[in-house]
1. Look through the range 18-38, keep the residues that are touching a helix residue (DSSP H, G or I) at 6+ places or on another chain (Cβ under 9 Å) and in a strand (DSSP E or B), and return whichever of them is surrounded by the fewest Cβ atoms within 10 Å (Cβ to Cβ).
2. Would you check which residues across the range 1-17 are part of a helix (DSSP H, G or I) and under 16 Å from residue 80 (Cα atoms) and list them?
């Protein structure tokens, strides 16, 4: 696997403290129909590094309703913020994070792993409910004739008698 690491030093020493990064590869654990493409911009903002860009690919998913495979058009923007130094010292007490305030703490690390960032971003951008289409007849796979399990036959003729008083 190629090295998908960008060092903080590379960002700081580049023109306008900005590095452009193109990713075009497969990500292990993600079933894609071709490579995952990402165009990223890493920019130093003093104590923080901003990573923004766009990710596209076609994924092979399984429908949660009918269990059939289908293609999913993955297309989303990335906007991540990394703190160069540990934030724990700055926030001695518990504080509530609001939208847009999530920051990944590098804890003094001198590099950003683009592969890991993209893996996490792709997984988090998968739909909660994977459905092959608006007209999915997912209930068809639950029909009795399609799901006959001989071990369950014993329950077909059970009659429950009401409790007498």
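The values are calculated or read from the model by the stated rules, or taken from the named source; none is laboratory data. No experiment lies behind these values; they were computed from the predicted model shown. Cβ coordinates were reconstructed from backbone atoms using ideal geometry, including for glycine residues, and neighbour counts include every protein chain displayed.
1. First, the residues of the range 18-38 that are touching a helix residue (DSSP H, G or I) at 6+ places or on another chain (Cβ under 9 Å): 18-19, 21, 23, 25, 27-30, 32, 36, 38.
Now restrict to residues that are in a strand (DSSP E or B): 18-19, 21, 23, 25, 32, 36, 38.
Values: 18: 12, 19: 21, 21: 15, 23: 19, 25: 15, 32: 17, 36: 21, 38: 24.
In this case the residue turns out to be 18.
2. First, pick out the residues of the range 1-17 that are part of a helix (DSSP H, G or I): 8-13, 15-17.
If the condition is that a residue be part of a helix (DSSP H, G or I) and under 16 Å from residue 80 (Cα atoms), then 8, 11 are the ones that fit.
Residue by residue, here is whether (1) modelled with pLDDT under 90; (2) in a strand (DSSP E or B); (3) buried (at least 16 other Cβ atoms within 10 Å of the Cβ) holds:
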{"residue": "53", "(1), (2), (3)": "no, yes, yes"}
{"residue": "57", "(1), (2), (3)": "no, yes, yes"}
{"residue": "116", "(1), (2), (3)": "no, no, no"}
{"residue": "119", "(1), (2), (3)": "no, no, yes"}
